[in-house]
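Novice: Structure in structure tokens, see below.
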Amino acid sequence: MLSIQNLHAQIEEDGKEILKGLTLEINPGEVHAIMGPNGAGKSTLGNVLAGKDGYVITEGSVFYKGQDLLALEVEERAHAGLFLAFQYPVEIPGVQMLNFLRTCTNETRAARGLPELSGMDFLKLARAKAAELKINPDMLKRSVNSGFSGGEKKRAEVLQMALLDPQFAVLDETDSGLDIDALRIVAEGVNALRDDKRSFLVITHYQRLLDYIKPDHVHVLADGKIVRSGGPELAMELEERGYVDYEKAA
Amino acid sequence: MSQTLASLRQSGAESFAALGWPNRRVEAYKYSDFTSLTQADLGQTVAQPLAELSDQDGLRCYKPGEAPQALVDKIGSLVPLDDPLAAYSTANLDDVLIIEVAAKSKLTGPIVLDHRRLAGQAAFARYLVVVGRGAEAELIERYASNGQGASSPVIEVFVEEGAHLRHLRSQTEALDATHLGWTAARLERDASYSHFALNQGAGISRHNIRVDLAGAGSHLDLYGLHLLDGQQRCDSHTRINHNAPNTTSNEVYKSVVGGSGNSIFQGKIYVAKDSQKIEGNQMSRGLLLGPRARIHNKPELEIYADDVICSHGSTVGALDEAAIFYLRARGIPAAIAHKMMVEAFVQDVLDEVGDCAEVTAHWQAVISSYLTSVFADQDGQA
Ligand SMILES: Nc1ncnc2c1ncn2[C@@H]1O[C@H](COP(=O)(O)OP(=O)(O)OP(=O)(O)O)[C@@H](O)[C@H]1O
Ligand SMILES: [Mg+2]
């Protein structure tokens with residue numbers, strides 16, 4: 001599904017290297033969790049995979065379903081089934097949520113050779129998915145993420161994921177800012193999409209999320225590299241001991 | 001031509017002879033010089049028919065010769081002849097249409113003043129609109145053309161006590177045309193006036209707006225859009241005079257500029273001595289679509305009273321890259337993402353345009369065709 005080899009990425013502006021030889025292999029149907037200290041480069045990895053400007057890849061490669069992911073435009077990556085749930089979803093005043101969701105759903109469907117959904121069909125679909133995520137339908141009339149609470153923003157990210165039907169999703173701290181009930185709802189939303197073809201990369205600081213979304217593999221990302229990998233028990237260990245061991249190593 | 005018009009014309013000519021075309025040394029024309037206008041830019045003077053209005057209950061139109069003297073006396077009373085463009089238009093006026101909305105009436109349809117100037121012509125439309133006490137009306141004023149030459153219309157608007165007027169003006173002239181427009185309004189006690197100005201056309205344009213809040217309790221809403229591309233230069237100059245107590249004004253101007261376009265907004269809020277309990281809010285925001293686009297926003301406050309709440313804000317920026325990345329990451333192609341962002345930028349002005357389906361459709365069509373061409377040009381350059 002996704003094969004990252006020795007990835008080095010720096011900030012374009014100042015040349016500071018953030019990813020320093022990151023290697024990660026994710027197979028279809030697998031859920032991988034990445035944990036690691038603040039500033040380690042977790043969001044940078046998500047941004048680089050999604051194609052955000054402002055980074056220079058100096059070494060390494062990323063292959064997604066056999067294609068060179070880094071050669072694709074941002075929207076082409078989304079059409080190919082990559083989804084990034086943002087750590088900090090962007091507020092876009094003036095763009096109505098419903099209009100945004102319909103545009104992204106239909107553009108993605110068109111790129112995948114699927115017929116466009118009519119306004120009515122789309123509205124039904126969006127309302128149904130929103131209801132599953134306990135999103136108040138009035139939020140669909142508001143501007144994208146504008147004035148949404150932290151938890152509402154995260155739920156809106158999961159709503160977008162459900163509508164876009166991705167093959168590989170990166171969830172960047174989608175659990176941060178969620179109360180216990182919301183966490184369960186969001187986790188159910190993710191689990192509903194789990195199958196033997198779809199893969200997830202879950203970035204989190206809290207073992208708690210992994211009680212709901214059971215990972216196949218857990219990795220520690222510190223100072224731009226995967227410094228340790230293991231099973232779910234690694235998350236428990238990190239919860240107890242923190243990252244002291246890795247910060248010293250870094 | 002009536003005696004009144006002949007003498008008004010004469011005053012305009014004398015004033016224009018003294019002032020000439022303004023250059024940048026004239027404060028009100030700081031960012032736009034008009035001295036380089038050529039005869040081709042101005043066109044040949046041809047008598048232009050004024051808009052024809054169909055009869056409606058509560059609406060009356062007069063030629064100056066037939067109108068009551070009280071109405072005739074209002075012609076030229078709001079537009080200051082010490083402004084060179086007002087003087088130029090007045091010096092060339094040919095005819096005036098007087099439009100009166102009877103007191104207390106509520107018009108069923110809008111008053112439509114449609115203008116289509118032909119290439120090579122110079123047009124000097126001139127209107128006097130009086131909305132009688134307690135009346136309600138909507139006025140649509142549109143300027144289009146198919147080539148060079150200039151339109152220099154002047155409209156004077158009186159909103160009498162307790163009356164309400166919505167005035168929607170659109171300027172979509174040919175890109176090699178010149179547009180020199182004047183809108184002057186006077187609001188009596190408890191009157192309200194909303195003016196919307198859509199500026200998308202003409203190579204060189206200037207729209208002067210002057211509103212006198214002359215009666216206590218009167219309210220003004222002033223909204224403007226500049227949608228520019230290529231070499232266009234568009235200059236809006238607004239002056240709001242709070243000449244009476246308890247008057248309020250709310251002004252929002254937004255500019256979107258692509259290519260080497262140049263958008264200019266100068267907006268003054270003036271509060272006279274003894275005009276207490278005033279609220280005046282002004283916001284001008286600019287969106288630059290490329291490295292050669294320019295925006296000059298100059299808000300000014302001139303306040304001589306003390307119980308006053310006035311604010312002005314001005315911002316100029318580029319499209320929000322983080323938002324565009326977000327949209328693209330959701331599968332929306334870059335070109336569509338750009339359009340969505342510009343539409344979002346102008347959305348609040350469009351929301352205010354409001355109820356009239358015909359007007360909303362016209363504004364949307366102008367915005368949409370602007371977006372198609374401005375981003376097509378940009379892709380071409382990339
Ligand atoms: N555009 C940028 N300009 C400068 N520095 C940047 C930029 N983007 C990221 N960085 C830096 O790169 C480092 C890694 O940031 P990143 O956001 O990837 O960390 P993270 O692991 O996601 O941290 P957190 O757990 O706090 O979310 C940080 O030191 C950050 O300040
Ligand atoms: Mg992060």
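Novice: Of all the residues that make up region A:61-107, how many are within 16 Å of ligand 1 (Cβ to nearest atom) and not β-branched (Val, Ile, Thr)?
Specialist: Residues flagged as within 16 Å of ligand 1 (Cβ to nearest atom) and not β-branched (Val, Ile, Thr) within region A:61-107 amount to 6.
Novice: Filtering region A:87-110 down to residues that are at the interface with chain B (Cβ under 7 Å from one of its Cβ atoms) and in contact (Cβ under 8 Å) with a residue 24 or more places away in the chain, which residue is most open to solvent (accessible area, probe 1.4 Å)? Can you show your working first?
Specialist: In the first step, residues of region A:87-110 are kept if they are at the interface with chain B (Cβ under 7 Å from one of its Cβ atoms); the result is A:90, A:92-95, A:103-104, A:107-108.
Among the residues that remain, those that are also in contact (Cβ under 8 Å) with a residue 24 or more places away in the chain are: A:90, A:92-95, A:104, A:107-108.
Details: A:Val90: 23, A:Ile92: 2, A:Pro93: 92, A:Gly94: 33, A:Val95: 4, A:Cys104: 2, A:Glu107: 53, A:Thr108: 5 Å².
Step by step, filter region A:87-110, then rank; the result is A:Pro93.
Novice: Turning to a different aspect of this structure: Which members of region B:16-53 meet the condition of being open to solvent by 80 Å² or more (accessible area, probe 1.4 Å), assigned to a loop (DSSP other than H, G, I, E, B) and among the hydroxyl-bearing types (Ser, Thr, Tyr)?
Specialist: B:Ser36
Novice: Could you list all residues from region B:89-116 that are open to solvent by 10 Å² or more (accessible area, probe 1.4 Å) and hydrophobic (A, V, I, L, M, F, W, C)?
Specialist: Applying the first criterion (open to solvent by 10 Å² or more (accessible area, probe 1.4 Å)) to region B:89-116 yields B:91-92, B:94-95, B:97, B:100, B:102-110, B:112, B:114-116.
Selection gives B:Ala91, B:Leu97, B:Ala102, B:Ala103, B:Leu107, B:Val112.
Novice: For A:Ile135, only one of the following conditions fails: (1) surrounded by 20 or more Cβ atoms within 10 Å (Cβ to Cβ); (2) in a helix (DSSP H, G or I). What is its number?
Specialist: If we test A:Ile135 against (1) surrounded by 20 or more Cβ atoms within 10 Å (Cβ to Cβ); (2) in a helix (DSSP H, G or I), just (2) comes out false.
Novice: Which condition number in (1) within 13 Å of the chain's Cα centre (by Cα); (2) within 16 Å of ligand 2 (Cβ to nearest atom) is the one that A:Gly150 fails?
Specialist: Result: A:Gly150 passes all but (1).
Novice: Name the residues in region A:38-57 that are open to solvent by 10 Å² or more (accessible area, probe 1.4 Å) and within 7 Å of ligand 1 (Cβ to nearest atom), would you?
Specialist: A:Asn38, A:Gly39, A:Lys42, A:Ser43, A:Thr44, A:Gly54
Novice: Separate question: Taking region B:271-299, which residues are over 23 Å from B:Val346 (Cβ atoms) and open to solvent by 50 Å² or more (accessible area, probe 1.4 Å)? It would help to see each step written out before you state the result.
Specialist: Let us first name the residues in region B:271-299 that are over 23 Å from B:Val346 (Cβ atoms), namely B:271-279.
Across region B:271-299, the qualifying residues are B:Lys273, B:Asp274, B:Gln276, B:Lys277, B:Glu279.
Novice: Still on this structure: Restricted to region B:149-175, and to residues that are open to solvent by 10 Å² or more (accessible area, probe 1.4 Å) and under 12 Å from B:Asp190 (Cα atoms), which residue is nearest to the chain's Cα centre (by Cα)?
Specialist: Residue satisfying both the conditions and the ranking: B:His164.
Novice: When you scan region A:113-132, how many residues do you find that are surrounded by 12 or more Cβ atoms within 10 Å (Cβ to Cβ) and farther than 25 Å from A:Glu188 by Cα?
Specialist: Result for region A:113-132: 3.
Novice: Looking at (1) in contact (Cβ under 8 Å) with a residue 60 or more places away in the chain; (2) closer than 26 Å to A:Ala9 by Cβ, can you tell me which one A:Thr58 breaks?
Specialist: Unmet condition: (1).
Novice: Follow-up. Name every residue in region B:130-157 that is in contact with a strand residue (DSSP E or B) (Cβ under 7 Å, 6 or more places away or on another chain) and part of a loop (DSSP other than H, G, I, E, B), in order of residue number. First the steps, then the outcome.
Specialist: At the first step, the residues of region B:130-157 found to be in contact with a strand residue (DSSP E or B) (Cβ under 7 Å, 6 or more places away or on another chain) are B:130-132, B:135-145, B:149-157.
Within region B:130-157, B:Gly132, B:Ala135, B:Gly149, B:Ser152, B:Pro153 qualify.
Novice: Of all residues in region A:1-51, how many are away from ligand 2 (no atom under 11 Å from the Cβ), in contact (Cβ under 8 Å) with a residue 60 or more places away in the chain and among the charged types (D, E, K, R)?
Specialist: Residues that pass the stated criteria total 3.
Novice: Restricting attention to region A:9-23, which residues are closer than 22 Å to A:Tyr243 by Cα, more than 8 Å from ligand 1 (Cβ to nearest atom) and open to solvent by 10 Å² or more (accessible area, probe 1.4 Å)? If you could, list the steps in order and put the result at the bottom.
Specialist: Of region A:9-23, the ones closer than 22 Å to A:Tyr243 by Cα are A:17-23.
Imposing the further condition that a residue be more than 8 Å from ligand 1 (Cβ to nearest atom) reduces the set to A:17, A:19-23.
Within region A:9-23, A:Glu17, A:Lys20, A:Gly21, A:Thr23 meet the criteria.
Novice: With respect to A:Val218, is the statement that it is within 26 Å of A:Ile18 (Cα to Cα), more than 14 Å from ligand 1 (Cβ to nearest atom) and crowded, with 22+ Cβ neighbours inside 10 Å true? Steps first, please.
Specialist: Values: within 26 Å of A:Ile18 (Cα to Cα): yes; more than 14 Å from ligand 1 (Cβ to nearest atom): yes; crowded, with 22+ Cβ neighbours inside 10 Å: yes.
Yes.
Novice: Then there is this: Going through region B:349-368 one residue at a time, which ones are polar (S, T, N, Q) and open to solvent by less than 70 Å² (accessible area, probe 1.4 Å)?
Specialist: B:Thr360, B:Ser368
Novice: If you take the residues of region B:309-336 that are in contact with a His (Cβ under 8 Å, 6 or more places away or on another chain) and more than 8 Å from chain A (Cβ to nearest Cβ), which of them is least open to solvent (accessible area, probe 1.4 Å)? Steps first, answer last, please.
Specialist: Here is the first cut: in region B:309-336, the ones in contact with a His (Cβ under 8 Å, 6 or more places away or on another chain) are B:319, B:324, B:331.
From what is left, the residues that are more than 8 Å from chain A (Cβ to nearest Cβ) are B:319, B:324.
Details: B:Leu319: 28, B:Ile324: 7 Å².
Across region B:309-336, the extreme among qualifying residues is B:Ile324.
Novice: Something else now. Taking region B:338-362 as the search range and keeping residues that are in contact (Cβ under 8 Å) with a residue 24 or more places away in the chain, within 14 Å of another protein chain (Cβ to nearest Cβ) and of a type in the set (A, V, I, L, M), which one is farthest from B:Ile324 (Cα to Cα)?
Specialist: In this case the residue turns out to be B:Val349.
Novice: Can you tell me how many residues within region A:142-157 are within 13 Å of chain B (Cβ to nearest Cβ) and either of a type outside the set (S, T, N, Q) or in a helix (DSSP H, G or I) (or both)? Give the derivation first.
Specialist: To start, the set of residues in region A:142-157 that are within 13 Å of chain B (Cβ to nearest Cβ) comprises A:142-146, A:153, A:156-157.
With either of a type outside the set (S, T, N, Q) or in a helix (DSSP H, G or I) (or both) added as a condition, the list becomes A:142, A:144, A:153, A:156-157.
Of the residues in region A:142-157, 5 are within 13 Å of chain B (Cβ to nearest Cβ) and either of a type outside the set (S, T, N, Q) or in a helix (DSSP H, G or I) (or both).
The values are calculated or read from the model by the stated rules, or taken from the named source; none is laboratory data. If you're wondering where the values come from, they're calculated on a predicted model, not measured in any experiment. Cβ atoms come from the backbone with ideal geometry, glycine included; neighbour counts cover every protein chain shown. Side chains are part of the model used for accessible areas, which takes the heavy atoms of the whole protein and leaves out ligands, DNA and RNA. Shrake-Rupley method; radii C 1.70, N 1.55, O 1.52, S 1.80 Å.
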